[in-house]
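To keep things clear, I will list the structure first and then write my remarks on it.
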Amino acid sequence: MSFFYSITPFFEIMIIALMINYLLSFFWNTKSMDLVLGFFAFLFILAASSWLNLPVLHKIMILLGNVLVIAVIIIFQPELRVALSKLSFKSKRYREITEFDKFLDQLAASIYRMSEKRVGALVALENEDSLAEYAQKAVPLNAAFSPELLETIFAVNTPLHDGAVLLRDQSILAAAVILPLAEDSTQLAKSMGTRHRAGLGLSYLTDALVIVVSEETGKVSIAREGIMTRGIKIDRFKGIIRSIFNPPPKMNPQTKFNFLEWLKT
């Protein structure tokens, strides 16, 4: 038992060091860093007043400290909320699902807004087969996906609207992409034009999922593995994409907590 009490201070020092390291890494290079430095300066003055036996200054610092505890909580409220959320027991997989659902909702809303306005669009979602060779011959963007950016690209008067947009994960890889046309267009209706042939052509050569919005009818079609399915409604649209890209399954609340896996997140 005496050995345990002798090593207790070392455990305390390690825990305090980890806490300080976490806080400094969280606030480093942010506007809040100045307040953190001021807080440490306050602690230094408080300690110095005790070591140098300055009772008046020490009493003032203690009184200020009682007020500063509340002030720090108020000032750092946004940062503390984010810091505590990072300590959540929800795993990285859960966050990935949330991000994927948000991306899918935004993509679907953007596609069907263009469908209502009858704005022609051609969007290819990269799967396991790389689409880099097509992106190299196009206009590289490497931008985070947003519905506004996607709809702006396909606006009629923009220089990038004529061609396809390549999506990789949740980012826009390239725009104004020229895709290979399908030689066999027997499954395409007469109202389907070059966009549909290009989408079908890419689906023959890769495992990409290609979304086509018809400029003539406004109907949304999906090309996959050489098959063109047209007239897809928004609920089915989301279901197809979710089933193909298969994000990680949601965490079961009854699943046993794995401390090592949690640390990796």
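List of remarks:
- Tabulated pairs, the range 142-158, first closer than 18 Å to residue 124 by Cβ and assigned by TED's automatic domain parsing to the domain that holds residue 169, second assigned to a helix (DSSP H, G or I) and of a type in the set (Ser, Thr, Tyr), C-beta under 8 angstrom, 6+ apart or interchain: 147/110; 150/110; 151/110
- Counted as qualifying within the range 162-246 are the strands (runs of 3 or more DSSP E) with 1 or more residues that are over 14 Å from residue 123 (Cβ atoms), namely 227-229.
- Only one entry of 214, 171, 203 meets the criterion of being assigned by TED's automatic domain parsing to the domain that holds residue 230, farther than 23 Å from residue 139 by Cβ and not basic (Lys, Arg), and that entry is 214.
The values are calculated or read from the model by the stated rules, or taken from the named source; none is laboratory data. Quantities reported herein were computed from a predicted structural model and do not represent experimental measurements. Every residue, glycine as well, gets a Cβ built from its backbone with ideal geometry; the counts of neighbours run over all protein chains shown.
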